[in-house]
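Colleague: Sharing a structure here in structure tokens format.
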Amino acid sequence: MIQGKNTKKKFMRVSIWTLCTLFVLSNISAALHAYKFSHFSHTGTRTRCKNLSFGTKLGLLFTGIENPRPVNTRLPTSPYTVVNIKSNVNIECWQISAGNESKGTVILFHGYTSNKSELLDRASVFLSHGFNCLLVDFMGSGGSEGNQTTIGYKESEEVRDCYNYVRQLGEQNIYLYGASMRAVAIIKSISVDHLSPKAIIIECPFSTMYETVCARFRLLGVPTVPMAGILVFWGGVENGYWGFSYRPVDDAKNINCPTLLQYGEQDEMVSRNEIDAIYASLSGPKKLITYPLAGHDKYLNKYQKEWASNIVEFLTANK
């Protein structure tokens, strides 16, 4: 009888120590993931989860995915001016004029692990139809300071400061363009800072920080519970905000300007349910366009003409 009780106590002690160890290890792993998710390295190459072996994915599940700091790989072919805007860090931009008879200015913001040079193809569409362009490097990318990204949270301050810079130039017709992380930065900035752009074009915005972290784990082929929640917690702690309150779907309720929302039906990072929720939340005039064969932020690959046509039609309707 006594031996049975001792065995039970021993089992309970081992179980408690095992659970405590798993708890500590899961938090260490989540903290590593969160840091690498939100801080760029100065070495290495970008990891593509889709092409990794199971063993490599298993290793990354504990250590997190390292992303090299995004670097601008090309320059505008049109005359341009380098502009530095003081925000939460120093932000580098390219200002490109469409000519004396411009119809307004489009401010273009890049996405996660990207930079302003990857916006040049999109900018060419706006420029060819008479719109000045300001291409922005978010903090941690291209010519801007730092190595940190907050997946749109603090970048919303940079959206505000770039908007104010263009407005101080006397521009009345300001349009904001962004996809993914840059789309939610636009949404948050309009909601929090009460910007009044003429119209906005947003593509594949995620609905909440928790959902976008869950998508990251799904790409690794592992369960989202409980690691996604722990990662959101540590990501907020490491970057100075409460990650669970970062909900672009709620911020979208405060957007009253005309909005063009676009989405690729093959998107593995953002679900159609998230897009529908964002669209339903938008308060102003709105239009949703989807591309059946496009993935996350990849509309120009298969739908370059259609994308350009949809953009021009929207801008023409909202002069």
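Read-outs throughout are calculated quantities, based only on the coordinates presented, and are distinct from any laboratory measurement. Because the structure is a prediction, the values reported are computed rather than measured. Please note: Cβ atoms are built from the backbone with ideal geometry, for glycine as well, and neighbour counts cover all protein chains shown.
Colleague: Please state the shape class of segment 106-171: rounded when a/c is under 1.5, otherwise prolate if a/b exceeds b/c and oblate if not, all from the C-alpha gyration tensor.
Modeller: oblate
Colleague: Give the Cα extents of segment 133-257 along the principal axes, in whole Å, largest first.
Modeller: That works out to 50, 32, 23 Å along the principal axes.
Colleague: In the Gaussian network model of the chain, springs joining C-alpha atoms below 10 Å, which of 171, 101, 66 carries the largest mean-square fluctuation?
Modeller: Between 171, 101, 66, it is 101 that shows the largest mean-square fluctuation.
Colleague: Now for a separate question. With a point put 7 Å past each Cα toward its Cβ, work out how far residue 290 is from residue 78 in nm, to one decimal.
Modeller: 3.3
Colleague: Here's another thing I want to ask about it. Under DSSP H, which helices of the chain have Cα atoms covering 24 Å or more of the helix axis and a Kyte-Doolittle average no less than 0.0?
Modeller: Taking the DSSP H segments of the chain (at least 24 Å long, mean hydropathy at least 0.0), we get 2-38.
Colleague: What distance in nm separates the simple spin-label points at residue 21 and residue 90, each placed 7 Å from Cα in the Cβ direction?
Modeller: The answer from the label model is 5.0 nm.
Colleague: With 10 angstrom as the radius, rank 234, 17 by how many other C-beta atoms surround their C-beta, starting from the fewest.
Modeller: Least to most surrounded, the residues fall as 17, 234.
Colleague: What area, in nm² and to one decimal, does the C-alpha convex hull of the chain cast on average over all directions?
Modeller: 18.7
Colleague: GNM, the chain, Cα, under 10 Å: largest mean-square fluctuation among 207, 281, 15?
Modeller: So, out of 207, 281, 15, the one fluctuating most is 15.
Colleague: Still on this structure: If each residue's Cβ is checked for other Cβ atoms within 10 Å, how do 206, 40 rank with the fewest at the top?
Modeller: 40, 206
Colleague: Another question about this same structure. Could you list, in their original order, any pairs among 36/116; 86/305; 198/298; 253/302; 36/86; 36/287 whose Cα atoms are separated by more than 28 Å?
Modeller: 86/305; 253/302; 36/287
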